[in-house]
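Worksheet: the structure to be examined is printed underneath.
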Amino acid sequence: MKRIFSSALAVLLLACVGLQAAVPPSDGSAPDPIKALRSVSKDFLRLSSKSGYSTRLVIAGGMANSKDHKIIDQAVSEDYFGLVRGPLMHMPEQKIFRTLDKGAQLDGDLWRVLQSTADGKKLDRLFSFPERLLMDATMKGKKVEWLESTVGPRKVKRVTPRSGTAVGGSSEEEQKIYHRLRVILPEKVALQYFIEVQNSGCLSGG
């Protein structure tokens, strides 16, 4: 999952282990992207509660002078990894346990409230639970569209008409795969995310 900050916020969702690609209607048209997004959100929550998942966020920031925003003078480097099961995230590298609004970090022999430290506040602003991003996309998305598939079509068994046999000699046909969605969120949501990053201190290299 990747967040891109611009005049509108684009959220790219890739079908992952346990989440099924959307099945096209029988008439061959594309599935409804909004319904597919809601289905992904529900399936993701179910997967999280049942078996859990791992998530990683890598942030690289600095100066760029080209249209593709390639960084030429890196000033910010953050790398977070978490194991999520239901409402709980464990970050073994930092010895942190956190929920959507609370957290604790083992500091030596003592547990400290995560939000009471500068690093903890920065973590909260930068490393969002994927569920939160999915919820924002589902509830606030103003445009949802399919992206071109990165894999070829799959072979499926041809449906035989009730009135007779299938046309042609093959019993299989190709079916396009729909598994990548782009969700455009309102500008105010993009601004909200940008402010969170700005308040983390990352933009100043802190």
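Computed quantities for the displayed model
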item: Any hit, segment 83-91, residues being of a type in the set (D, E, K, R) and modelled with pLDDT of 90 or more; result: yes
item: Subset of segment 17-41 that is surrounded by fewer than 13 Cβ atoms within 10 Å (Cβ to Cβ) and not polar (S, T, N, Q) - its residue that is farthest from Pro153 (Cα to Cα); result: Lys35
item: Criterion: in a loop (DSSP other than H, G, I, E, B), charged (D, E, K, R) and over 28 Å from Thr138 (Cβ atoms) - qualifying residue of Asp68, Asp119, Asp27, Asp101; result: Asp68
item: Matching residues, segment 184-205, being at pLDDT 80 or above and either in a loop (DSSP other than H, G, I, E, B) or crowded, with 17+ Cβ neighbours inside 10 Å (or both); result: Ile184, Leu185, Pro186, Val189
item: Those residues of segment 103-121 which are basic (Lys, Arg) and out of contact with any strand residue (DSSP E or B) (no Cβ under 8 Å at 6 or more places or on another chain), in sequence order; result: Lys121
item: Segment 136-167: number of residues that are part of a helix (DSSP H, G or I) and at pLDDT 85 or above; result: 4
item: Residue satisfying condition, being in contact (Cβ under 8 Å) with a residue 12 or more places away in the chain and more than 13 Å from the chain's Cα centre (by Cα), within set Pro33, Pro25; result: Pro33
item: Conditions (1) within 17 Å of the chain's Cα centre (by Cα); (2) at pLDDT below 75: number failed by Leu47; result: (2)
item: Condition check for Leu181: at pLDDT 85 or above and in contact with a Leu (Cβ under 6 Å, 6 or more places away or on another chain); result: yes
item: Qualifying positions in segment 51-65 - surrounded by 11 or more Cβ atoms within 10 Å (Cβ to Cβ), outside any loop (DSSP other than H, G, I, E, B) and not aromatic (Phe, Trp, Tyr); result: Thr55, Leu57, Ile59, Ala60, Gly61, Gly62, Ala64
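The values are calculated or read from the model by the stated rules, or taken from the named source; none is laboratory data. Everything numeric in this text was worked out from a predicted model, so none of it was measured. When we count neighbours, we look across all protein chains shown, and the Cβ atoms used for this are built from the backbone with ideal geometry, even at glycine.
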